[in-house]
Each structure stands twice: as C-alpha cells, then as structure tokens.
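The values are calculated or read from the model by the stated rules, or taken from the named source; none is laboratory data. Bear in mind the structure is a predicted one, so any value in this text is a computation, not a measurement. FYI the Cβ positions are ideal-geometry reconstructions off the backbone, even for glycines, and counts take in every protein chain you see.
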Amino acid sequence: METRRLGHSGLSVSRLGLGTLTWGRDTDEHEAAEQLELFVGAGGTLVDTAPEYADGQAERVLGDLLDRVVRREALVLSGRAGLGWRGEVLEHDTSRRALLDQLDTTLRRLGTDHLDLWTLHSCSPGVPLEEALGALDSALSSGRTRYVGLADDRAWRVGWTVAHQRGWPGRAVPVALQAEYSLLRRDAEDELVPAADALGLGLLAVSPLGRGVLTGKYRSGVPADSRGASPHLGPFVRPYLDERAVGIVDAVATAADGLGISPLETALAWVRDRPGVGACLVGARTAAQLRGVLATEEVRLPVEIALALDDVSAR
C-alpha cells in the first residue's frame, strides 16, 4: 500500500487507515484480529481508535491484539481525546486533567507506552484553548505521543492553534487534521482543506464512505445487519439517507458499473486522491468488508469520472 507523509512532518502513514469504531461492540475480537492481519498484510500501517468507541472496548480489543497478531512497531497508532462516556452521556471535556487522564487510560488499554499520533477534539466550552494545548505539550514532552493533531475543529481555531504552538520552541505543533470528508460531505473544502494545506497539516478524511451510505447498501432500504439498523449507529447514518444522497449514490453506482468496480471503490478512490488528503480512515464491521476497502488500492479513477462525481456532489 502506498504511504504518504502527513503534511510537512516526517510521519509516514498508509493512505488507507483502519478505523475501529465497531470493535468491541459489532466486531468481536476474532473478527478484529482477522481485519488487522488483512490490513497489515496489505501494507497498511495507520490504525485509528478512540476512547469513546464502544465505551473503551475498541481500545481494549486492539490492545489485546498488539504483539499477538501484529507487532506494535509495525503500526502507526492514532488515538484521540476530548470525548468520553460518563454513564449514558458522551461528555466533551478538554481540561488538562481530563485529557491527560484519558491519554493514560488509552495507553493502559492498548498496553503500550506511547501513541504515534494523539488528536485533540475541538476545545470544550469554558476551557481555555491554551490549557488544552498545554496537555498536548505535556504528552509530547513526556514521550506518551510522538506527534499531535486536531479533529472536528474550525479553520480559524486551527490556524490560531498552529501559530500559537509555533510561537515558542518545544511546543507540540499539530501535524494532522481530522475532518469528515466524502462525496456526501464536502464542506471541509470550504475552509478546512485550504487551511490544512496552508499550515502544512496532513488531512485525515473521516467517514470517506459517507458513513457507509456510498457503498450502495442502502439503495433498497436499510439492511437488518447494517449500521443504519443498529440502535447505537442508526442515528449516525440516517442524516445521509435523504433525497440528495440518493442522487449522489446513484451517480456513484453508475460510474462503478461503467468502470467494472464497486461503488465502495469508486467513492473511496475519489476521496483518497483529493488534494491535501494524507489518508482515509475507514472502519469495517467484518473482514469481508475490509477486503473490499483494500481492493481500492488498485483503483485510480479516470479524470472524467472524478470530474463528473465532483459535479453531481457539488453543494
């Protein structure tokens, strides 16, 4: 699998990243192990997880597989902080205490002493941004992470953060920016993509398959075994089952038929090759689904097809 450097940093990652959103809930440890073996066997390195995934179970499952299924050193482990479950409530807390406690918990679950990339969710209300950035500084200087990044933030704050961190030697300067980006969600192009390019950040495209809708599986309804039918992920998928999405998915399916590939490969290749994208983070519930994702490595869309998809998905 092709690797790319994230922005202006020295960190190289595979251009497809393995997401673990469903691990520990919809994907059991056996299936997760098969996914990890497939991914690494295909040359993948970037594996992304987060403490809010299945209330920490995704991190535990991944930790159980490290050095048993694949060597820790073979992976670029990406984690996040700022969101976490307190009972039934998903809380957003970027205080220094919450962030560093969450990082330590993540490292314990994973059974490792460091992450390769630690990403901060946008700052929570009432917490000074300088405080949250101080937690990034601590994590980097202590060796608990090798690089830091930002996620789900606004362009003006990304710019302020990078300028602030570059203003003093030794601060943790972000190298990556996570943002949802797909044919169904292109608002990142308005400000975030140009900001990442101007600031030297590698863009990590989240949900590049439109939360699974761009695979075409929802064209005839909501399959019983899909994310859209699950009680915990159904609300995540439903916003992309509107009339606009139907037209875009139909166009993707038509393009895929003409190329002799799957809608999944068509939609994913479009995002992967967009300017500024360092990697696409794709989660699969099963190993069979992941095989379809990995098949995209051999796909390159003709310019005419890419431009047609640009037009049909324009807002």
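Numbers for the structure displayed
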| quantity | calculated |
| --- | --- |
| The lone exception for Val47 - which of (1) modelled with pLDDT of 95 or more; (2) more than 14 Å from the chain's Cα centre (by Cα) it fails | (2) |
| Conditions (1) in contact with a strand residue (DSSP E or B) (Cβ under 6 Å, 6 or more places away or on another chain); (2) buried (at least 23 other Cβ atoms within 10 Å of the Cβ); (3) not basic (Lys, Arg); number of the one not met by Val249 | (1) |
| Filtered residue count, region 136-186, keeping only those that are of a type in the set (Ser, Thr, Tyr), under 29 Å from Gly247 (Cα atoms) and without any contact (Cβ under 8 Å) to a residue 60 or more places away in the chain | 0 |
| Breaking point among (1) surrounded by 14 or more Cβ atoms within 10 Å (Cβ to Cβ); (2) out of contact with any Cys (no Cβ under 8 Å at 6 or more places or on another chain); (3) part of a helix (DSSP H, G or I), for Ala163 | (1) |
| Breaking point among (1) surrounded by fewer than 16 Cβ atoms within 10 Å (Cβ to Cβ); (2) over 17 Å from Gly10 (Cα atoms); (3) of a type outside the set (Gly, Ala, Ser), for Asp197 | (2) |
| Residues within region 1-21 that are assigned to a loop (DSSP other than H, G, I, E, B) and either of a type outside the set (S, T, N, Q) or crowded, with 24+ Cβ neighbours inside 10 Å (or both), tallied | 10 |
| All strands (runs of 3 or more DSSP E) inside region 33-140 with 1 or more residues being surrounded by fewer than 20 Cβ atoms within 10 Å (Cβ to Cβ) | 83-86, 89-92, 115-121 |
